[in-house]
Every structure is written in structure tokens, then in C-alpha cells.
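Trainee: This structure is in C-alpha cells; I'll ask about it shortly.
The values are calculated or read from the model by the stated rules, or taken from the named source; none is laboratory data. These numbers come from a predicted model, not from an experiment. Here the Cβ positions follow ideal geometry from the backbone for every residue, glycine too, while neighbour counts run over all protein chains shown.
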Amino acid sequence: MPIKMIGAEAPEEVAEIGAERDAMMNDSMDGMLPIMDKPLNPKVLNALGKAINAVSKMMGIEVEVEQYDEATTLDDDVARFLMMMSTASEDYGKPFPVKLEEIRGDTEITAVTAHLMDLARDTGFREFLAGPGEDEAEVSVEVTAEEPDDDDTEFDFAGRMG
């Protein structure tokens, strides 16, 4: 179930940087990704895709999630998304019901899918992901002015123009 972003294409140099970062993420994800006991049921994967789509829409990101018609394992894009959402969910105070490294099959993926759907309906989670709004952000501005010099030297405007 590869996830594809919908919208404007990134400039070539940005896409190259993104590809490099994806490769680094894939390397760092080794050992953190679940090791499946067997391939996942396509119905379970398609339900996970719907949950990913729902959470992505809540975040203002439009994605295209391909449907499965045969059993397989998690795609790297899906695993990355799950890692990101697991961290966000934990920071929000509602961690995934199953640690990602403990996922072994359909049962755990189904529990994660249900949790993602709950998060997609949670307006508090939407606000959490958006961060503080303009009304909530504290802004502090300090303006200082230099005291004028006490010497009697006049500013020579004409001399500066010449």
C-alpha cells in the first residue's frame, strides 16, 4: 500500500533531498519495524489504508493509498507513517494500543487501525497536531530607542547627499 502525496510536484533538488532522507529513514527503521509472522490480510491492509487516509485528511494532507487484493507485508511508506503517528499519538497522551515492534499480524494491525480512526475523529488531536493557534501563541516584543546624544552637532544632510 504505497502512499502517494497528491498535489504539486517538488522541485528536482528538493525531491533528491527527500529521496536521500527517505533512504536514511529506511536504514534507521531497520530493527524498529515489526517482523510479521505471516503476510497481512488484504482486508486488514485496506482498512489500515482508510485509516491512514482519514488521519492524513485531518492533517490537511491529501494522499492516495493503493488498495490490496492479496496478502503482503507493510510497505516502507506505511511503516514510516505509523512511526510518525505512533510518536504523535504518544505525545498527545493516547499511545497506540500496541507498540510497533510488537506487531506480528492482523490482530495488532486491526487494533492500530481502530486507534487511528479514533484519532481521526478526535478534534483535540487535530488541534494538538496544528499546534498553538494565533490566539494562543505568546508573542513578546520589546522596543527600545537610543537616547539622543547631548552634543550640539547638527546632522549635515546636504553633506551626506553630495
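Trainee: Restricted to region 104-157, and to residues that are within 30 Å of Thr73 (Cβ to Cβ) and part of a loop (DSSP other than H, G, I, E, B), which residue is modelled with the lowest pLDDT?
Mentor: Arg104
Trainee: What about Leu129, is it touching a residue at least 12 places away in the same chain (Cβ under 8 Å) and crowded, with 18+ Cβ neighbours inside 10 Å? Give the derivation first.
Mentor: On the way: touching a residue at least 12 places away in the same chain (Cβ under 8 Å): yes; crowded, with 18+ Cβ neighbours inside 10 Å: no.
Criteria not met by Leu129.
Trainee: Checking Val65 against (1) crowded, with 18+ Cβ neighbours inside 10 Å; (2) out of contact with any Leu (no Cβ under 9 Å at 6 or more places or on another chain), which test does it fail?
Mentor: In the conditions (1) crowded, with 18+ Cβ neighbours inside 10 Å; (2) out of contact with any Leu (no Cβ under 9 Å at 6 or more places or on another chain), Val65 misses (2) alone.
Trainee: Next question. Which condition breaks for Val112 when tested against (1) β-branched (Val, Ile, Thr); (2) over 19 Å from Met36 (Cβ atoms); (3) touching a residue at least 60 places away in the same chain (Cβ under 8 Å)?
Mentor: (2) is the only condition that Val112 fails.
Trainee: Out of Val44, Val55, Val98, Val78, report the one residue that is in a loop (DSSP other than H, G, I, E, B), modelled with pLDDT of 85 or more, surrounded by 16 or more Cβ atoms within 10 Å (Cβ to Cβ) and in contact with a helix residue (DSSP H, G or I) (Cβ under 9 Å, 6 or more places away or on another chain). Break it down stepwise before answering.
Mentor: On the way: Val44 fails: in a loop (DSSP other than H, G, I, E, B); Val55 fails: in a loop (DSSP other than H, G, I, E, B); Val78 fails: in a loop (DSSP other than H, G, I, E, B).
Checking each option against the conditions leaves just Val98.
Trainee: Tally up the residues in region 101-114 that are within 16 Å of Ala51 (Cα to Cα) and of a type outside the set (S, T, N, Q), please. Talk me through it step by step, then tell me what you get.
Mentor: Here is the first cut: in region 101-114, the residues within 16 Å of Ala51 (Cα to Cα) are 106-114.
Narrowing the set further to residues that are of a type outside the set (S, T, N, Q) leaves 106, 108-109, 111-112, 114.
Final tally of qualifying residues: 6.
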